[in-house]
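What follows is a short report on a single structure.
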Amino acid sequence: MRRLIPFWFAFALSTAFNAHAEPPELALAGVYDEGVALDDYWVSEKLDGVRAYWDGERFWSRGGNEYRAPDWFTEGFPDVPMDGELWMGRGRFAELSGAVRRLEPVDPSWRQIRFMVFDLPALDQPFAERVAAMEALVQPSPSPFLAMVVQRKATDHERLMSALDKVVSEGGEGLMLRRGGSLHSTGRSDDLLKVKRYDDAEAVVVEHLAGRGKYEGMLGSVRVRRDDGRQFRIGTGFSDKQRESPPPIGATITYKYYGFTSTGLPRFASFLRIRNDEPEAP
């Protein structure tokens, strides 16, 4: 049974929502720079989970495909839109991705997953007020599979970097910043920023290049193509197992890098993971 929300909250969310035939419109993060004034930002951990949009009835992927969660998993979930991440814990992205993408959900896997809420996209209030609304909505929930991403007020750059180093040392991915006075919006803006010691991006694998020396007979590097059409090689970050069975041609991968070269290509690009979090087709 869905948990019904109080009348006042339903009224605030009266911008009606519908099940998605198209990909949900989501807020996308920019990149934090030291010069950003932090006095109006909230900070939280950047989870290495799978982005999921709960429309009040079902989960949707970034591509507009349904994640088929078991009925017992969403029992007691509020019937309002929530943006968040399906998450198993730090360092478990590959395991998580395999679980949530399955056409037929496997109960033991889903029992290890939590839906971590970080925004209420239908609530037309500043983020600082949406934080309070999330607490009022999520904390009383009877579901053990629903939780809220902890939000704290940011202070200054030095403390932000200290918090980042702590999260990374404990196996986390990074931090997120959200402007407290901002209304929910879609697309990329400075209202939402990611804080990491490196940059990351996605590209499509277009060629496998053979290895040499100790990598003879294995993958040496991949040639990838960015959205703007430019191509470059990535040869580090792969395990021996991944070199024996590399990301297939056409796969989208996530790579990390440290700024750009004078020609505009990523500097020190290194493979992170195959980015495949879309559900299996029926």
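Only Lys, Arg, Asp and Glu count, each charged at its Cβ (+1, +1, -1, -1), so figure out the dipole size of the chain about its Cα centre, rounded to 20 debye.
It comes to approximately 960 debye.
Over the chain, with a Gaussian network built from C-alpha contacts below 10 Å, which listed residue (Thr263, Thr155, Thr74) shows the highest mean-square fluctuation?
Result for the chain, Cα springs under 10 Å: Thr263 fluctuates most.
On C-alpha positions alone, give me the angle between the axis of helix 127-138 and the longest principal axis of the chain, in degrees, nearest 10.
Rounded to the nearest ten degrees, it is 70.
Over segment 36-79, one equal point on each Cα, no solvent: what is log10 I(q)/I(0) by the Debye formula at q = 0.14, 0.30, 0.34 Å⁻¹?
Debye output, listed in q order: -0.51, -1.10, -1.20.
Could you run the Karplus curve 6.51 cos²θ - 1.76 cosθ + 1.60 with θ = phi - 60° over segment 177-188 and give me ³J(HN,Hα) per residue in whole Hz, x for Gly and Pro?
Result, ordered by residue: 10, 10, 6, x, x, 8, 7, 5, 9, 9, x, 9 Hz.
Could you calculate the FRET efficiency of Ala94 with Ala251 from 1/(1 + (r/R0)^6), where r is the beta carbon distance between them and R0 is 22 Å, rounded to 0.05?
0.95
Karplus couplings for segment 109-122 from phi (6.51 cos²θ - 1.76 cosθ + 1.60, θ = phi - 60°), rounded to Hz, Gly and Pro as x?
5, 5, 5, 9, 9, 10, 9, 9, 7, 10, 6, 10, x, 8
Over the chain, what is the mean sequence separation of C-alpha contacts under 8 Å (at least six apart), divided by residue count, expressed as relative contact order in percent?
21 percent
Once both labels are modelled 7 Å past Cα along the beta-carbon direction, what's the Glu244-Val206 spacing in nm?
Result for the modelled spin labels: 3.1 nm.
Which ³J(HN,Hα) values in Hz, rounded to whole numbers, follow from the phi angles of segment 207-224 under the Karplus curve 6.51 cos²θ - 1.76 cosθ + 1.60, where θ = phi - 60° and Gly and Pro get x?
7, 9, 10, 5, x, 10, x, 5, 9, 4, x, 10, 6, x, 7, 10, 9, 10
What FRET efficiency comes out for the pair Thr261/Asp165, r = Cβ-Cβ distance, R0 = 30 Å, nearest 0.05?
The calculated FRET efficiency here is 0.65.
Take the Cα pairs of the chain, get the Kirkwood Rh, then feed it into Stokes-Einstein at 10 °C and 1.306 mPa s and tell me D in µm²/s.
Answer, rounded: 78 µm²/s.
From the residues Ser109, Thr155, Ala122, which one has its Cα farthest along the dipole of segment 95-176 in the positive direction, the dipole being from +1 and -1 charges on Cβ of Lys/Arg and Asp/Glu about the Cα centre?
Farthest along the dipole direction, towards plus: Ser109.
Every number in this text was worked out from the coordinates using simple rules, so none of it is lab data. Small disclaimer: the values here were computed from a predicted structure and weren't measured. Neighbour counts run over all protein chains shown; Cβ positions are idealised from the backbone, glycine included.
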